[in-house]
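K.L.:
One structure, pasted below without further comment.
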Amino acid sequence: MRQCEICGKGSIMRGGRKKLRGNYNPTPKKRKHPNLQKTKLLGKKVLACTNCLKTINKEGLSEKK
């Protein structure tokens, strides 16, 4: 399964609801995937979610090009 190698965030099943004349209409469930990016962290390539990338860039752990 594709998931973040830092925090472990993966995909989830989630259903939306549409309000239709005062009642909620059940709609089909869909799988939501995290926004994973390939990046270098301490000399090795990892798949990381964008929240982890923001944290890494704040701490200065990523390798600058």
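Every number in this text was worked out from the coordinates using simple rules, so none of it is lab data. Note that the structure is predicted; figures quoted are calculated from it, not measured. Every residue, glycine among them, receives a Cβ derived from its backbone with ideal geometry; neighbour counts consider all protein chains shown.
K.L.:
Among the lysines, select those whose C-alpha is under 20 Å from the C-alpha of residue 58, and discard any that sit fewer than 8 residues away in the same chain.
P.N.:
Leaving aside lysines fewer than 8 places away in the same chain, those within reach of residue 58 are 9, 38, 40, 44, 45.
K.L.:
Candidates (i) 7.2; (ii) 5.3; (iii) 6.3; which is the computed mean projected area of the Cα convex hull in nm²?
P.N.:
Looking at mean projected area of the Cα convex hull in nm² for this model, the match is (iii).
K.L.:
Of all beta bridges DSSP finds with both residues in the chain, what is the antiparallel percent, to the nearest 5?
P.N.:
Antiparallel bridges make up about 100 percent of those DSSP assigns within the chain.
K.L.:
Let me ask something else. Go ahead and estimate [θ] at 222 nm for the chain from helices alone: -39,500 (n - 2.57) per DSSP H run with n ≥ 4, summed, over the residue count, rounded to 500.
P.N.:
-4500 deg cm²/dmol
K.L.:
Report, in degrees rounded to the nearest 10, the 0 to 90 angle that the Cα long axis of helix 50-59 makes with the longest principal axis of the chain.
P.N.:
The angle comes out at about 30 degrees.
K.L.:
By count of other Cβ within 10 Å, fewest leading, how are 20, 36 ordered?
P.N.:
Listed from fewest to most nearby Cβ atoms, that is 20, 36.
K.L.:
Further question on the same structure: Name the trypsin sites (Lys or Arg not before Pro) in region 1-61 that are in a loop by DSSP and that have at most 14 other C-beta atoms within 10 Å, would you?
P.N.:
2, 21
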